[in-house]
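Comments concern the structure below.
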Amino acid sequence: TLDLKSAWSRTVTFDSEESDAKPLSITQADKLGIGGSLWDAALTLMFFFARRKEFPAGAWKESGAIASPAAGVQPARIGRVIELGAGTGAVGVHLASLGAQVTITDIGAGHLALIKHNVDANVKELA
């Protein structure tokens, strides 16, 4: 089991008129190493999805830039997501709060316990 006595939580809020994303409480556990921390890259991805819940089909060019959708192409909603090596599980929890069907994974009992803790702490936001 993971001892969360030395862990600390961070509340992530999405202050934007463009988003109806709810604040999330994410616990971090330094004793798990890099997987126990909420990284800036995860926050950036969360804010990206908070502002934009629809994506044009075939939107990603080779450069990674978002392209304009072709005429008549309907945008895709966030549907099913699998988060591999999730660490704190913050991105998966956030996407679930936006309505996605999410599978969150990581390796090791400590990481899985942290993910479960963060899912349980935000269960009201996931309903």
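Structural remarks
- Cβ-derived FRET efficiency at R0 22 Å, V81 paired with I34, nearest 0.05: 0.55
- For the range 24-41, the Karplus equation 6.51 cos²θ - 1.76 cosθ + 1.60, evaluated at θ = phi - 60°, returns couplings of 10, 9, 10, 8, 10, 10, 4, 5, 8, x, 5, x, x, 10, 8, 7, 4, 4 Hz by residue, with Gly and Pro reported as x.
- Listed values for the range 80-85 are Karplus-derived 3J(HN,Hα) couplings in whole Hz (6.51 cos²θ - 1.76 cosθ + 1.60, θ = phi - 60°), namely 9, 9, 10, 9, 9, x, and x replaces Gly and Pro.
- Computed E for K5/L45 - FRET, C-beta separation, R0 30 angstrom, nearest 0.05: 0.55
- Less than 5 angstrom separates the built amide H of R10 from those of I26, T27, Q28, all sequence-distant by 5 or more or on a different chain.
No value in this document is a laboratory result; all are computed from the given coordinates. Just so it is clear, the structure is predicted and the values come from calculations on it, not from any experiment. All Cβ positions, glycine included, derive from the backbone under ideal geometry; neighbour counts span all protein chains shown.
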